[in-house]
């Protein structure tokens with residue numbers, strides 16, 4: 001069950017990222033590689049993680065024309081990653097292109113990002129979107145399901161509603177997860193957060209935990225705490 005807790009490798013170098021992977025050892029099986037680390041370290045880090053038996057969520061948040069997104073998904077599939085994120089707001093043509101591009105790679109899942117967890121209702125109004133965050137998340141999640149995406153990315157605040165309306169086999173990845181632990185010195189720029197237990201109760205199938213583990217005084221203990229809270233029956 002530990003693979004359901006995805007550790008975000010938000011580091012400035014592959015050396016730092018691999019040091020954490022080594023420290024967490026066999027217990028941690030799933031990692032997120034985002035734009036910062038991919039730009040810094042390149043695809044070789046992803047290959048190294050995959051070759052060592054780790055599952056990689058390549059969090060690219062793709063938002064481009066359909067052909068470009070399909071090409072990026074194909075490249076990710078060749079790397080052997082398990083999941084790639086695409087902005088649902090890019091529209092149905094992009095989402096369908098991503099899903100189709102993933103077909104030759106049976107282990108690759110497309111997850112559609114609904115509304116990033118740093119945004120609140122006021123932020124949506126600032127960019128010309130009148131509905132609330134929840135309304136926007138629901139709209140985009142339905143679009144992702146209609147286009148054949150394997151899952152969505154949404155905060156715990158929306159996960160419970162999504163679980164009630166999406167197909168039962170769709171994944172719900174919840175980022176912005178934090179631990180109420182004195183061993184963590186992390187801070188957050190997320191607006192919509194939750195702890196692992198709250199995310200589980202809301203219906204998340206996976207959680208993404210970053211600084212609560214990577215900046216913890218004892219990352220192994222923080223990871224074990226996240227797994228215990230998320231998978232506790």
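The residue list 136, 125 contains one member that is surrounded by fewer than 18 Cβ atoms within 10 Å (Cβ to Cβ) and over 23 Å from residue 9 (Cβ atoms), which is 125.
Counting only residues that are surrounded by fewer than 24 Cβ atoms within 10 Å (Cβ to Cβ), assigned to a helix (DSSP H, G or I) and in contact with a strand residue (DSSP E or B) (Cβ under 6 Å, 6 or more places away or on another chain), how many does region 72-101 have? Final tally of qualifying residues: 2. Of all residues in region 25-41, those that are touching a strand residue (DSSP E or B) at 6+ places or on another chain (Cβ under 8 Å) and surrounded by 21 or more Cβ atoms within 10 Å (Cβ to Cβ) total 4. When we screen 29, 47 for residues that are over 22 Å from residue 4 (Cβ atoms) and in contact with a helix residue (DSSP H, G or I) (Cβ under 8 Å, 6 or more places away or on another chain), the only hit is 47.
Here 56, 46, 50 are screened, and the one residue that is modelled with pLDDT of 95 or more, surrounded by 21 or more Cβ atoms within 10 Å (Cβ to Cβ) and either assigned to a helix (DSSP H, G or I) or over 16 Å from the mean Cα position of the chain (by Cα) (or both) is 46. Just one of (1) assigned to a helix (DSSP H, G or I); (2) touching a helix residue (DSSP H, G or I) at 6+ places or on another chain (Cβ under 7 Å); (3) crowded, with 16+ Cβ neighbours inside 10 Å; (4) at pLDDT 90 or above fails for residue 204. It is (1).
Of all residues in region 143-158, those satisfying the criterion of being over 12 Å from residue 113 (Cα atoms) and surrounded by 23 or more Cβ atoms within 10 Å (Cβ to Cβ) are 156, 158. Within region 171-187, if we keep just the residues that are over 25 Å from residue 138 (Cα atoms) and assigned to a loop (DSSP other than H, G, I, E, B), the residue that is modelled with the highest pLDDT turns out to be 179. Taking the conditions (1) surrounded by 13 or more Cβ atoms within 10 Å (Cβ to Cβ); (2) modelled with pLDDT of 95 or more; (3) assigned to a loop (DSSP other than H, G, I, E, B) in turn, residue 104 satisfies each one other than (1). Residues in region 3-24 that are part of a helix (DSSP H, G or I), surrounded by fewer than 17 Cβ atoms within 10 Å (Cβ to Cβ) and in contact with a helix residue (DSSP H, G or I) (Cβ under 7 Å, 6 or more places away or on another chain): 23 only. Apart from one condition, residue 69 fits all of (1) under 21 Å from residue 105 (Cβ atoms); (2) buried (at least 21 other Cβ atoms within 10 Å of the Cβ); (3) within 15 Å of the chain's Cα centre (by Cα); the exception is (3). Count of region 133-160 residues, restricted to those that are over 13 Å from the mean Cα position of the chain (by Cα) and either at pLDDT 90 or above or under 27 Å from residue 103 (Cα atoms) (or both), is 14.
The values are calculated or read from the model by the stated rules, or taken from the named source; none is laboratory data. The model shown is predicted, which means the values in this text are computed figures rather than measured ones. All Cβ positions, glycine included, derive from the backbone under ideal geometry; neighbour counts span all protein chains shown.
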